[in-house]
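Derivation of every value follows stated rules applied to the coordinates shown; laboratory data play no part. Because the structure is predicted, anything quoted here is derived from the model rather than measured. Cβ coordinates were reconstructed from backbone atoms using ideal geometry, including for glycine residues, and neighbour counts include every protein chain displayed.
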């Protein structure tokens with residue numbers, strides 16, 4: 001099948017959730033399909049990125065650079081057209097013309113569009129081309145949750161954007177024959193009467209790459225991820241400023257490592273004798289191996305936390321919130337520990353730091369859990385089945 005894939009970011013390096021999902025799906029789909037990748041980038045793509053992705057794109061690789069002045073102008077146009085800023089940021093009329101020419105030349109059998117922010121590019125092809133939209137997660141809910149935690153003025157902006165996204169997510173549904181999303185929790189947040197038709201396609205985890213290995217434990221707790229992403233910033237502030245002090249009441253020398261790309265100023269400000277902010281780490285497995293407990297106290301955001309899959313695959317005992325585990329579906333006390341309040345989360349962490357047998361049990365079962373339920377090949381097979389179903393209809 002000739003498959004045209006549309007992405008809002010170049011899918012390498014794997015430092016953001018959408019890039020991770022796209023890269024691994026491409027890796028498996030490329031085995032059986034001729035892939036033409038059309039993606040945007042608001043930063044220069046390194047040579048290593050091209051080297052990793054180009055072999056997957058037998059039908060061609062097309063990267064279109066977005067620049068700041070154009071982005072600002074396009075966001076202003078989005079406001080005038082009552083479109084979400086998420087759409088305006090990534091939509092450019094010049095890029096549209098390039099895509100139209102590519103579609104005419106490549107003649108795809110199917111178009112796979114990741115995220116609603118890219119859906120505007122193929123709106124005119126609704127009913128003319130077989131197309132699948134991967135919502136992945138629900139941007140509108142993320143914005144509305146962020147509004148609840150923001151100042152009065154910011155809350156107005158995020159609420160407005162969240163409502164526009166809510167409407168846009170529902171409208172985009174009707175442009176595509178097939179739809180996917182990362183979890184049942186997210187599917188129920190799409191405001192469309194036929195949302196139950198959205199297929200749940202989970203992420204996977206490479207358990208050959210992420211596997212336990214011995215290393216000196218330099219930190220008691222770890223949080224990692226894209227550290228400029230608001231849900232991660234919120235979670236790590238909660239962990240460092242509220243949870244960690246409670247843990248240090250019983251473990252006075254407990255230390256936290258915050259690892260991940262582009263830490264925001266609020267994250268950098270958390271650095272102290274008890275908190276290390278590493279920034280980008282060439283091999284994130286080194287961070288997992290250096291910690292005793294992984295903590296993901298997520299309070300906002302949507303989707304599946306890939307960081308939990310990676311930590312569990314490396315046999316690191318994990319603590320998280322109901323918001324994150326509702327997407328993951330880890331078994332409480334067997335695969336993962338869950339707490340909601342500051343005190344509950346601190347108690348979960350201290351129990352693992354105190355009881356080595358409990359920590360080992362959780363770590364062992366966590367790896368078995370992700371091995372059983374999170375597989376990239378199974379995810380790609382689901383996508384292929386959807387594409388073939390549309391082709392046969």
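Taking the helices alone, the chain has a mean residue ellipticity at 222 nm of -13500 deg cm²/dmol, built from -39,500 (n - 2.57) per DSSP H run of at least 4 residues and averaged over all its residues. Computed over the alpha-carbon pairs of region 220-304, the distance histogram in 10 Å steps reads 18, 55, 25, 1 percent, short to long.
The stretch between residue 65 and residue 101, if pulled fully straight at 0.36 nm per residue, gains 11.2 nm over its current Cα-Cα span. Short to long, the 20 Å bins of the Cα pair-distance histogram for the chain hold 27, 57, 15, 0 percent of all pairs. The stretch between residue 42 and residue 332, if pulled fully straight at 0.36 nm per residue, gains 100.4 nm over its current Cα-Cα span. The average projected area of region 1-106, computed from the convex hull of its Cα atoms over all directions, is 7.0 nm². The three principal axes of the Cα atoms in region 219-373 give end-to-end lengths of 38, 32, 28 Å, sorted in falling order. Label-to-label distance for residue 228 and residue 357 is 4.8 nm, based on points extended 7 Å past Cα in the beta-carbon direction. With R₀ set to 35 Å, the beta-carbon distance separating residue 157 from residue 391 gives a calculated FRET efficiency near 0.25. As a proxy for reagent exposure, ranking 370, 63, 300 by other Cβ atoms within 10 Å from fewest up yields 63, 300, 370.
Using a Gaussian network model of the chain in which every pair of alpha carbons under 10 angstrom is joined by a spring, one finds that among 362, 153, 244 the greatest mean-square fluctuation is at 153. In a GNM of the chain with a 10 Å cut-off on Cα contacts, which of 220, 18, 100 has the highest mean-square fluctuation? The residue that fluctuates most here is 100.
A crude spin-label estimate for the pair residue 128 and residue 249, with each label 7 Å from Cα along the Cβ direction, gives 6.4 nm.
Between 0 and 90 degrees, rounded to the nearest ten: what's the tilt of helix 152-173 against the longest Cα principal axis of the chain? The angle comes out near 50 degrees. So, R0 is 30 Å and r is the distance between the beta-carbons of residue 76 and residue 211; what FRET efficiency does that work out to, to 0.05? Efficiency computed from Cβ-Cβ geometry: 0.05.
Springs join every pair of Cα atoms under 10 Å in this Gaussian network model of the chain, and among 276, 218, 357 the largest mean-square fluctuation is at 357.
Computed on region 219-373, with alpha-carbon pairs under 8 angstrom and 6+ residues apart, the relative contact order is 24 percent.
Going from the fewest other Cβ atoms within 10 Å to the most, the residues 123, 145, 128 appear in the order 128, 123, 145. Taking region 176-210 and a reference point 7 angstrom along Cα→Cβ of residue 32, the backbone N atoms nearer than 19 Å belong to 178-181, 199-205. Rounded to the nearest 10 degrees, the angle from helix 376-392 to the longest Cα principal axis of the chain is 20 degrees.
Axis angle, to the nearest 10 degrees, between helix 17-29 and the longest C-alpha principal axis of the chain: 60 degrees. A straight chain from residue 188 to residue 109 at 0.36 nm per residue would run longer than the Cα-Cα distance by 25.5 nm.
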